[in-house]
Amino acid sequence: MPIKNVLVVDDSPTDRQHLTDILSKGGYSVSTAASAEEGISKAKASKPDLVLMDVVMPGQNGYQATRELSKDEATKHIPVIICTSKNQETDKVWGMRQGARDYIVKPVNADELVAKIKAFD
């Protein structure tokens with residue numbers, strides 16, 4: 001199934017805008033959430049084709065949200081790409097263990113991000 005609708009979950013307005021710009025230029029329809037809790041709620045309500053999930057956020061973090069989405073019957077089919085400044089190998093391994101399908105480190109390279117998303121098509 002081709003990816004068309006992407007949900008960006010990030011507490012930084014700057015990062016949300018940057019990712020939205022990249023995705024819009026790539027032809028994707030983008031919705032955003034400013035917290036993990038809002039992201040989970042929007043993912044359950046709108047069933048995006050893919051979720052880009054930040055890790056470091058107030059309240060619930062992106063690892064917890066990814067785990068919740070990947071275990072919920074209603075959302076477990078939605079691929080999650082962790083998109084974070086946490087660049088240690090242990091961070092990546094932990095993210096993948098929570099159910100993420102891929103991992104990208106900020107600052108995001110537009111071509112790399114679009115290539116990772118196209119890999120799910």
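Please treat every number below as a calculation from the coordinates, not as lab data. All figures in this text were calculated on a predicted structure; none of them were measured in a lab.
I need the P(r) histogram for the chain: all alpha carbon pairs, bin width 5 Å from 0 out to the longest distance, whole percents.
Pair shares across the bins are 2, 13, 26, 28, 21, 9, 1.
Residues with amide H under 5 Å of ASN61's amide H, sequence separation 5 or more or different chain, H placed in the peptide plane at 1.01 Å from N; which?
Answer set, sorted by chain and number: none.
Per residue of the range 15-26, what does 6.51 cos²θ - 1.76 cosθ + 1.60 with θ = phi - 60° give for ³J(HN,Hα)? Whole Hz please, x for Gly and Pro, Karplus curve as stated.
3J(HN,Hα) across the range 15-26, in whole Hz: 5, 4, 5, 4, 5, 4, 4, 4, 5, 4, 5, x.
Quick one: which residues, 5+ away or cross-chain, put their amide H under 5 Å from the amide H of LEU52? H built at 1.01 Å from N.
Amide H neighbours of LEU52: LEU7, VAL8, VAL9, ILE81.
Where the centre of each part is set by its Cα atoms, how far does the range 66-107 sit from the range 1-44, in angstrom?
The two parts, judged by their Cα centres, are 14 Å apart.
Can you give the calculated 222 nm mean residue ellipticity of the chain, where each DSSP H run of n ≥ 4 adds -39,500 (n - 2.57) and the sum is split over every residue, rounded to the nearest 500 deg cm²/dmol?
It lands at -13000 deg cm²/dmol.
Among TYR103, TYR28, TYR63, which one shows the highest mean-square fluctuation when the chain is modelled as a Gaussian network with alpha-carbon springs under 10 Å?
Highest fluctuation among the options: TYR28.
If contacts are Cα pairs under 8 angstrom and at least 6 residues apart, what is the relative contact order of the chain in percent?
With pairs under 8 Å counted, the relative contact order is 25 percent.
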